[in-house]
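Before any comments, here is the structure.
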Amino acid sequence: MRIHGKTLTSAIIAFACLTAAAQVTVPTYHYDNKRTGWNSHETSLTPANVTTKSFGLLHTVALDDQVDGQPLVVPGVPITAGPFSGTTHDVVYVATQGNTVYAIDVHTGAILLSPNFGTPGSWPLGCNNNGPRVGITSTPVIDRAAAILYVMVYTQTGSVRDYTLHALDLGSLTDKVTPQPVAASHTLSSGATFNFKANYQRQRPALLLHEGNVYAGFGSFCDFSANVSRGWLLGWNAPTLTPLPSNQLNDLQPRQSSGFFLSSIWMSGFGPATNEEGDILFVTGNSNPGSYDGVSNIQESVVKVSATLANVLDLFTPKDQVFLDQEDNDFGSGGVLVLPDQPGATPHLAVAAGKDGNLYLMDEDNLGGFSPHRNNVLGTYPIGGCWCGPSYYTAADGTGRIVASGGNNVSLYQVETAPKAALKFLKGSNSIPGSQNPGFFTVVSSNGPANQIIWALSHPTGSGDNPIYLYAFDPNSGNSTMNTIFSAKAGFWPNFTGNSNLVPVVANGQVFVASHKTLTIFGLRQ
């Protein structure tokens with residue numbers, strides 16, 4: 001067996017018993033349930049050593065299909081199945097549209113486990129903004145204490161398509177409990193029953209593990225069959241995979257004359273977030289123009305629901321929601337970030353942006369509701385079209401930073417908390433190339449209070465083999481423009497009609513990028 005041109009020999013055994021002490025686990029999308037995208041405990045990588053001389057590609061691992069979700073990292077996993085059974089490894093987990101879940105040794109690139117969970121769907125409804133096969137689209141989530149990886153699998157048998165939630169043992173990638181087929185229903189405002197139909201719903205947002213439950217959001221395939229597709233948030237008890245008694249359906253209206261529903265949850269793959277009180281927040285997409293009322297239809301909105309999914313607790317809807325609907329200008333193309341508690345009179349903040357390029361700063365205790373005359377938020381900041389999601393970190397001066405990534409540039413903002421909550425623009429980055437929809441995804445690593453690095457992945461440019469590139473920026477450098485300290489080819493994306501909404505993962509001195517049939521692992525060269 002060869003990986004990136006090297007024979008797999010005793011190197012595996014040498015790395016297999018490395019201790020997991022003091023290493024970072026990445027169990028969920030964007031590192032945590034607030035979705036900050038911040039690894040605050042990086043101990044190896046700094047702006048000084050992330051250069052083309054000392055940092056670069058270490059391993060390239062072949063996968064069976066396109067990857068739309070983010071890799072997850074767990075140090076010190078005892079492998080209990082397959083040829084590596086009985087050894088312990090630091091593992092990166094990657095799930096593909098081919099319905100294969102990989103456990104890969106982070107140090108050698110060796111594939112430890114790679115079970116497949118069924119035939120993926122083929123071109124659902126003819127939608128071309130995904131690959132030709134749709135299997136596992138969302139980022140899984142890991143319960144480290146229980147040693148379980150939860151993953152949502154989409155399969156096709158003849159003309160029948162189904163979603164199934166699996167709870168996989170980290171060491172064997174076998175089911176620890178009986179897999180749960182996804183089924184749900186909800187009562188519409190007319191009293192009629194609306195049933196979940198897997199043929200028409202795309203499970204794109206990252207999974208959420210929260211208060212002993214697993215949650216999944218659902219949108220559509222290209223807005224096709226919009227008369228039978230609506231936005232759902234479903235939940236299951238994590239230990240048993242028993243469905244929760246309640247679910248969230250964002251459009252409760254009976255059949256409209258246009259036959260157009262949706263109010264999807266898709267967020268370009270960003271995951272639902274949680275706040276300190278245990279509530280869940282997400283952003284919705286478009287629906288029938290003129291159908292919004294904030295109760296029976298909640299499109300183009302940041303929505304806060306209870307963990308039981310029984311109640312909508314709060315929302316913010318931009319004043320131009322009708323225009324957003326009319327132009328297919330979804331607010332829900334981006335995710336919502338819940339900030340860690342801030343000093344000052346408004347301690348609980350959140351930010352979100354969508355296709356129209358406005359980043360909204362919200363009081364998370366009072367999101368702002370809806371007014372046709374003004375946006376009842378703390379501030380509005382233009383960042384460029386956002387098929388994207390923000391990141392957050394705390395700088396050396398103790399104040400928060402928002403990393404926005406609309407358009408083709410990173411935008412860095414300082415969180416001001418007095419005399420009132422606001423964002424202050426600090427600097428941007430050089431342009432990141434890409435010819436798909438605007439916006440991209442970032443994460444931040446911190447090695448000490450002042451050694452932050454902002455990491456980003458470009459979209460393909462549409463030329464040649466459609467490569468994507470990994471970028472690293474030093475936010476503490478430059479005046480108006482931060483320095484680009486590293487860039488390199490990090491994979492490929494031939495599916496040009498479907499955005500590469502990919503997220504780099506930084507953990508324990510390495511950077512992981514999953515793309516089309518490839519996982520690349522970057523790190524410091526010996």
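With all protein chains in place and a 1.4 Å probe, the accessible surface of the chain carries 52 percent carbon and sulfur. Pair-distance distribution of region 171-244: all C-alpha pairs, bin width 5 Å, starting at 0; shares per bin in whole percent are 3, 14, 21, 22, 19, 12, 6, 2, 1, 0. With a 1.4 Å probe rolled over the protein heavy atoms of all chains, the accessible area of T242, T164 falls in the order T242, T164, largest first.
Quick one: ranking Y31, Y360 by accessible area, 1.4 Å probe, largest first, what do you get? Provide the component values of the computation, followed by the final result.
Details: Y31 25, Y360 5 Å².
Heavy-atom accessible area, descending, gives Y31, Y360.
What does the charge count near D356 come to, summing +1 for each Lys or Arg and -1 for each Asp or Glu among other residues with Cβ under 14 Å from its Cβ? Mind showing how you got there, number by number?
Numbers: positive: K319, K355; negative: E300, D320, D325, E327, D328, D330.
Result for the local shell: -4.
Here the scattering of the chain is modelled by Debye summation over its C-alpha atoms, one equal scatterer each and no solvent; at q = 0.05, 0.06 Å⁻¹ the log10 of I(q)/I(0) is -0.17, -0.25.
A compact globular protein would have a Cα radius of gyration near 2.2 N^0.38 Å; the ratio found for region 96-170 is 1.21. Take every pair of alpha-carbon atoms less than 8 Å apart whose residues are at least six positions apart; their mean separation over the length of the chain yields a relative contact order of 15 percent. The label-point distance for D175 and T193, in a model that sets each label 7 Å from Cα toward Cβ, rounds to 2.5 nm. Over region 431-526, the ratio between the Cα radius of gyration and 2.2 N^0.38 Å evaluates to 1.09. When the alpha carbon coordinates of region 376-476 are projected onto the principal axes, the ranges are 51, 37, 17 Å, largest first. With the convex hull of its Cα atoms as the shape, region 268-395 has an orientation-averaged projected area of 7.9 nm².
Between region 97-136 and region 463-511, the alpha-carbon centres lie 22 Å apart. Where the alpha-carbon atoms of region 145-185 are placed on the principal axes, they occupy 37, 23, 13 Å, in descending order. Peptides 438-448, 493-503 ordered by packing proxy, namely the average of other Cβ atoms within 10 Å per residue, highest first: 438-448, 493-503. For region 18-158, the spread of Cα coordinates along the three principal axes comes to 52, 36, 31 Å, biggest extent given first.
Within region 313-362, the proportion of C-alpha pairs whose separation exceeds 12 Å stands at 67%.
Anything over 24 Å Cα to Cα? Flag those among K355/K517; K34/K355; K34/K304, in the order listed. Display every interim value, and only then the final one.
Details: K355/K517 28 Å; K34/K355 22 Å; K34/K304 13 Å.
Distance filter (> 24 Å) returns K355/K517.
Near the amide H of N297, within less than 5 Å, lie the amide hydrogens of L252, all on another chain or at least 5 residues away, with H placed in the peptide plane. Cross-link reach is defined here as a Cα-Cα straight distance under 14 Å, omitting same-chain residues fewer than 8 places apart; for K427 the aspartates and glutamates meeting it are D474. Relative to one another, the C-alpha centroids of region 241-303 and region 177-191 are positioned 15 Å apart. Computed over protein heavy atoms with a 1.4 Å probe, the accessible surface of region 158-280 works out to 34 Å² per residue. Per residue, region 405-483 exposes an accessible area of 35 Å² to a 1.4 Å probe, with every protein chain left in place. Sequence-ordered 3J(HN,Hα) estimates for region 245-254 from the Karplus curve with 6.51, -1.76 and 1.60 and θ = phi - 60° stand at x, 10, 9, 10, 10, 7, 10, 9, 6, x Hz, glycine and proline given as x.
Using DSSP, restrict attention to beta bridges with both residues in region 125-284 and report what percent are antiparallel, rounded to the nearest 5.
Values: 34 of 35 bridges.
Roughly 95 percent of the DSSP beta bridges within region 125-284 come out antiparallel.
The values are calculated or read from the model by the stated rules, or taken from the named source; none is laboratory data. Everything numeric here is computed off the predicted structure, so don't read it as measured data. Don't worry about glycine lacking a Cβ; one is built from the backbone with ideal geometry, like all the others, and counts go over all protein chains shown. To get the accessible areas, we keep the full protein, side chains included, count just its heavy atoms, and leave off ligands, DNA and RNA. Shrake-Rupley method; radii C 1.70, N 1.55, O 1.52, S 1.80 Å.
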